[in-house]
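Working notes, beginning with the structure itself.
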Amino acid sequence: MLLYPSQSIKIYNSLSGQKETLKPINAGHIGMYVCGPTVYSNVHLGNVRTFMSFDVIFRYLKHLGYKVRYVRNITDAGHLENDADTGEDRIAKKARIEEIEPMEVVQRYTVDFHNILNAFNFLPPSIEPTATGHIIEQIELIKNIVDNGFAYVVNGSVYFDVHKFNETNDYGKLSKRKLEDLIHNTRELDGQSDKKNPQDFALWKRAEPQHIMRWPSPWSDGFPGWHLECTAMSTKYLGEHFDIHGGGMDLKFPHHECEIAQSEAAKGQTPVNYWMHANMLIMNGKKMAKSTGNYILPGEIFTGENPHISKSYLPSVARFFMLQAHYRSILDFTDDGLLASEKGFNRLMDALSILNDLKASNTSSVAIGAWKQKCYDAMNDDFNSPILIAQLFEAVKYIHQIKEGKASISSEDLNLLKETMNIFIFDVLGLENSSGTAAGSDKLAGAIDVLIKIRQEARANKDFALSDKIRDELAEIGIQLKDGKDGTTFSLN
Ligand code: AMP
Ligand code: ZN
């Protein structure tokens, strides 16, 4: 049962190049697959941005009452650098450099990935399958593709025959490429390759003797091609035809194009209704990427230890910064941008605490019902978080006007305003109050109240040394106590 059946979502579908109304395959249910990280190094903030875009989409769909099965994989099978045909695999390379086992590399960076996403208050996906846990499914898929005549075996490796596929299907339909152009733009094979054509891609590679991550298969001891795992795992958990597939823009070609080809070749039907691509986080005018050294790690944002930033920032401030851009827009990472977001975020949090103390009147001079629908309209329009945030600041204006007596609000509207602000700020955007989660901040307030009571008792006993100590030490960590005629209150810096 949808909680909000009247809300109809439009999604920009990379496949059609248009915004389309979301019509789930099974009413009330959504299957969503997002390509996960390759766990060979720490995730950088660019990776986080893409996953955050889909975290917000997941949150909004859930808020509307959809039963969402969100699958995000972990790429832990070693693939060759740049998906090349020869060379070293990225996980094995790291294992060699760090003198540990490949699976220790995988474990280390999977844990790092989870820690970072937790710090940013991500919801865990419904299923997080690993590539190495689905080798059997990948082998079965290759068998299907070979049986259907769309792949060929050479020297223990299996390649997808792009030219054969394109005779009956449309290779390039997602990335808007034509096979003729691809042929024109690629160099001829150098005679060393097993492939029939340079556009063909590996489904299975025979492992060289030094290659550590290897599995037995009908063709050789080897390892799966990179594109295969996502087709195998999305099919296993979401079926041969599911609703949404997402990932970063840079995965559209060849990765997602090859996923479509593999599914169509194996199962005879196109796998996905809505292809969604998140745009890149850039820094110094270039894509943030590990390989070029042009990146910033989330941990550096939290400590401020990076030359690109002037200070540390809360995870929620970084989250707010990223959600102030639409997921399909390029976002430029700058310290000025973060500083501005910090101001905006604090203004929003301040408005929330004012909201808690607002008094209702008999009538409303502000149209809260219409404002609430505008919040939904923003998210319904291809998950437009910046427009939603602009609407939240409209509410901040109302809150100040009501506080200053320049506007009035009925108790019914006041409750609606509180509820809607909480839904969009915490449930949908996934922001957290400055002092942690909303629940965390309640606990913090409770703990400070306990200290205020102890201080009152100390003063009553004329133990001014203790009462000053409590006040000064709290001040040192940014908690100010204020003694007024109605007792002591506190504020957080
Ligand atoms: P990878 O581990 O390299 O496969 O990347 C994991 C995810 O992060 C993929 O969906 C990429 O598209 C995405 N990604 C990589 N670099 C960036 C960037 N600079 N901005 C946004 N997303 C990125
Ligand atoms: Zn993938």
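In table form, for the structure just shown:
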{"read-out": "Residues (touching a helix residue (DSSP H, G or I) at 6+ places or on another chain (Cβ under 9 Å) and either part of a helix (DSSP H, G or I) or of a type in the set (Gly, Ala, Ser) (or both)) located in the stretch 97-111", "value": "98, 102, 103, 104, 105, 106, 108, 109"}
{"read-out": "Yes/no for residue 70 being more than 10 Å from ligand 1 (Cβ to nearest atom), in a strand (DSSP E or B) and of a type in the set (Phe, Trp, Tyr)", "value": "yes"}
{"read-out": "Options 91, 97, 136: the member that is within 16 Å of ligand 1 (Cβ to nearest atom) and among the hydrophobic types (A, V, I, L, M, F, W, C)", "value": "91"}
{"read-out": "Filter result for the condition that a residue is within 21 Å of residue 489 (Cα to Cα), among the charged types (D, E, K, R) and in a helix (DSSP H, G or I), over 457, 412, 394", "value": "457"}
{"read-out": "Qualifying residue in the stretch 106-122 (condition: assigned by TED's automatic domain parsing to the domain that holds residue 34 and within 20 Å of residue 258 (Cβ to Cβ))", "value": "no"}
{"read-out": "Residue list for the stretch 180-220, restricted to those being under 35 Å from the mean Cα position of the chain (by Cα), in a loop (DSSP other than H, G, I, E, B) and of a type in the set (Asp, Glu)", "value": "200"}
{"read-out": "Unmet requirement for residue 125, which otherwise passes all of (1) surrounded by fewer than 20 Cβ atoms within 10 Å (Cβ to Cβ); (2) in contact (Cβ under 8 Å) with a residue 60 or more places away in the chain; (3) of a type outside the set (A, V, I, L, M); (4) touching a strand residue (DSSP E or B) at 6+ places or on another chain (Cβ under 7 Å)", "value": "(1)"}
{"read-out": "Hits in the stretch 239-257 - residues which are β-branched (Val, Ile, Thr) and either in a helix (DSSP H, G or I) or within 11 Å of ligand 2 (Cβ to nearest atom) (or both)", "value": "none"}
{"read-out": "Candidate set from the stretch 269-289 (those that are in a strand (DSSP E or B) and more than 16 Å from ligand 2 (Cβ to nearest atom)); member that is farthest from residue 336 (Cα to Cα)", "value": "273"}
{"read-out": "From 472, 449, residue being closer than 22 Å to residue 491 by Cα, part of a helix (DSSP H, G or I) and in contact with a strand residue (DSSP E or B) (Cβ under 9 Å, 6 or more places away or on another chain)", "value": "449"}
{"read-out": "Residue in the stretch 288-297 that is within 14 Å of ligand 1 (Cβ to nearest atom), assigned by TED's automatic domain parsing to the domain that holds residue 342 and at positive phi present", "value": "yes"}
{"read-out": "Subset of the stretch 221-238 (residues that are outside any strand (DSSP E or B), within 23 Å of residue 161 (Cα to Cα) and in contact with a helix residue (DSSP H, G or I) (Cβ under 9 Å, 6 or more places away or on another chain))", "value": "225, 226, 227, 228, 229, 230, 231, 232, 233, 234, 235"}
{"read-out": "Selected residue (criterion: nearest to ligand 1 (Cβ to nearest atom)) from residues of the stretch 217-276 that are aromatic (Phe, Trp, Tyr) and touching a strand residue (DSSP E or B) at 6+ places or on another chain (Cβ under 9 Å)", "value": "226"}
{"read-out": "Pair list, Cβ < 7 Å and 6+ apart or interchain, from the stretch 226-247 residues that are over 20 Å from residue 23 (Cα atoms) to residues that are more than 14 Å from ligand 1 (Cβ to nearest atom) and aromatic (Phe, Trp, Tyr)", "value": "227/201"}
{"read-out": "Answer residue from the stretch 39-51, given it is among the aliphatic types (A, V, I, L, M) and in a loop (DSSP other than H, G, I, E, B) and is farthest from ligand 2 (Cβ to nearest atom) among those", "value": "43"}
{"read-out": "Number of the condition not met by residue 30 [criteria: (1) closer than 30 Å to residue 88 by Cβ; (2) touching a Pro at 6+ places or on another chain (Cβ under 9 Å)]", "value": "(1)"}
{"read-out": "Hey, residue 266 assigned to a helix (DSSP H, G or I), within 16 Å of ligand 2 (Cβ to nearest atom), farther than 18 Å from residue 34 by Cβ and modelled with pLDDT of 95 or more or not", "value": "yes"}
{"read-out": "Options 65, 31, 36; residue that is within 16 Å of ligand 2 (Cβ to nearest atom) and either free of Cβ contacts under 8 Å to residues at least 60 places away in the same chain or part of a loop (DSSP other than H, G, I, E, B) (or both)", "value": "36"}
{"read-out": "Lone unmet requirement of (1) more than 25 Å from the chain's Cα centre (by Cα); (2) surrounded by fewer than 20 Cβ atoms within 10 Å (Cβ to Cβ) for residue 390", "value": "(1)"}
{"read-out": "Residue 190 vs. criteria away from ligand 1 (no atom under 16 Å from the Cβ), modelled with pLDDT under 95 and acidic (Asp, Glu)", "value": "yes"}
{"read-out": "Scope the stretch 424-446; condition at pLDDT 85 or above and part of a helix (DSSP H, G or I); matching residues", "value": "424, 425, 426, 427, 428"}
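Listed here are the residues, each with its yes/no results for (1) farther than 26 Å from residue 445 by Cα; (2) surrounded by 14 or more Cβ atoms within 10 Å (Cβ to Cβ); (3) in contact with a His (Cβ under 8 Å, 6 or more places away or on another chain).
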site	(1), (2), (3)
288	yes, yes, yes
294	yes, yes, no
304	yes, no, no
310	yes, no, no
318	no, yes, no
324	yes, yes, no
339	yes, yes, no
343	no, no, no
350	no, yes, no
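The values are calculated or read from the model by the stated rules, or taken from the named source; none is laboratory data. Keep in mind it's a predicted model, so treat the numbers as computed, not measured. No Cβ is skipped: glycine too gets one built from the backbone with ideal geometry, and neighbour counts run over all protein chains shown.
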